[in-house]
1. Considering only DSSP beta bridges whose two residues both sit in the range B:6-181, what percent are antiparallel, to the nearest 5?
2. Would you list A:168, A:206 from fewest to most Cβ contacts within 10 Å?
3. Over all Cα pairs of the range A:1-122, how is the pair count split among 10 Å bins, expressed in % and running from 0 up to the last occupied bin?
4. If r is the Cβ-Cβ distance from residue A:14 to residue A:93 and R0 is 41 Å, what FRET efficiency results, to the nearest 0.05?
5. How are the alpha carbon pair distances in the range B:134-205 distributed across 5 Å bins from zero to the largest one, expressed in percent?
6. Report the normalised scattering of the range B:84-164 as log10 I(q)/I(0) at q = 0.15, 0.17, 0.23 Å⁻¹, calculated by the Debye formula with identical scatterers on the alpha carbons.
7. Within 10 Å of each Cβ of B:183-191, how many other protein chain Cβ atoms are there on average?
8. Using a Debye calculation, one point per C-alpha and no hydration shell, please list log10 I(q)/I(0) for the protein assembly as shown at q = 0.06, 0.10 Å⁻¹ in order.
Ligand code: SF4
């Protein structure tokens, strides 16, 4: 019978189907970070349990780590905020105690867990992969079944290498055609979320396919799968092809020699069959997608850069009107205001959505030879990992950014969620390449606008949003 | 998880309806990286006269003499008797963690809030629902006699009072099984350890690189 990619991955990891409709699913790879793991390790200790399979686990601190050289210089002990320091130290202690491989704070390989996994080849096609973080969907770009879990499930995976799951339904997002120059993977996913809404994918595994997806690089595909959760889907997926194989080959954790050949033979089957049936299909025309900017407090509140903030008076129903009004109030925007009229206070280029080398290249290309607007308080570039940072420096991107007036930082989650010192002030508008524009996400009272790296860089130069296609 | 079969436990009466999880363990203690050590801060706002913060030495803090758990006769109590809708409010699993860490093994009340009702048994805490009149009567008996104990028999689903009265309670068979065997979700999954190992053995031939 014809199967979807999700069906294939599910079947390949089914340990046991239970009578109550749940299934025991085997987990190949488990990524850990400092925020959601401490109680899980504590649970293991209390129950006198050991991790089931040590080499399934890989850890790195990312959420709490400071991004200034000054604070990073002394490693963990230099972290000024006490709760942050304790969390990072606890991850180190737990990994040392249980024997889990960890890229510690100033290891060159440290970074945002969703950047590190693929970069190391720890994320491989055909795997089941989980992490105590909702953006684990990122890894689905490799035809891997990947999703976020809670702390009790982190412990469950550590102890049993399995999770108790119920099968999801299949959703296909088909994007065909060619993107306009200046339009990126980030704009595709923001447009998808704008189209189906933040609950559109709830209960589904969301596969992205079509010519616009298959012509994307792995980094672009990761950006898309990363935000599947923002459309309500815990799982995002892209089928395996030559681009996937080329990316994975030679990475430290990837199979080598004979095993590589064996792996490729298997991985080449990891795509939905041509006649596979999906429970729901959504189609988008790539050529008509324009650079996107979010105006509100939910990722579905997006418009094209040459559009306007919506008018609540024109909302289709009462609930929508209320949510638009509340969002406009929080964001300090007026109905029908042009997006390009929004004045910015800060710009953030980073996060697990857009902090990889191609993202930094795209931003640097725009910033090259220009200056950050004098009206901006800060423009930050935070690479996703130590290796991304090193690569960028080899290419001279750091100099381009610094000359233009951007700050060049050490790797971590940074202003994506503002658990460290990088925060928005109250009422400040920020063009951000991250994934969530919830109230207070980037700092108390902060106002986030989600955009692509090129759009963020252009906005930093202009001091307000501009259409990067005309920049 | 600690197994629960029989318990002959000292009873502490918390005569209050809608005990919420904020009251059980206030938010400032959620920053902890542990799921143990919440016992000294259980009912922090009721128990102490000053404001609590994480990392404090609670033995130096002024106790509220009126609070039930501070009275000498209720020291070492293992059964908490309370009123309806116990455990309402935030979903924090820190609430059952704190009750267990303090030393409680069972809570008796006329009703429990949903999320707490799910969380508690996962942490070995037995919740016993008895009708309002019976709970009322138990409150009177506890208050009247010092050293009041209840004999809880989970396999038989009974609570026996010091006078020999036997009270039956309802219990979901799956939860009962887990508590008696001391099985948390992990414990249950580990009952399938052979199936997991068989799966790994099969996959080791098919996808050996996963196990490198
Ligand atoms: S970069 Fe942001 S979204 Fe990604 S893992 Fe870190 S905090 Fe979460």
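Readers should treat all values here as calculations from the given coordinates under stated rules, not as data from a laboratory. Only a predicted model underlies this, so the values are computations on that prediction, with no experimental measurement involved. A quick note on method: Cβ atoms are made from the backbone with ideal geometry, for glycine too, and the neighbour counts reach across all protein chains shown.
1. 50
2. Fewest-to-most ranking of A:168, A:206: A:168, A:206.
3. For the range A:1-122, the pair-distance distribution reads 12, 35, 29, 16, 7, 1.
4. Step by step, r from the Cβ atoms, then E = 0.70.
5. That works out to 3, 12, 16, 13, 11, 10, 9, 6, 5, 5, 4, 3, 2, 0, in percent per bin.
6. Reported log10 I(q)/I(0), two decimals: -0.58, -0.74, -1.20.
7. 6
8. The Debye formula, applied to the Cα set alone, gives -0.39, -1.01.
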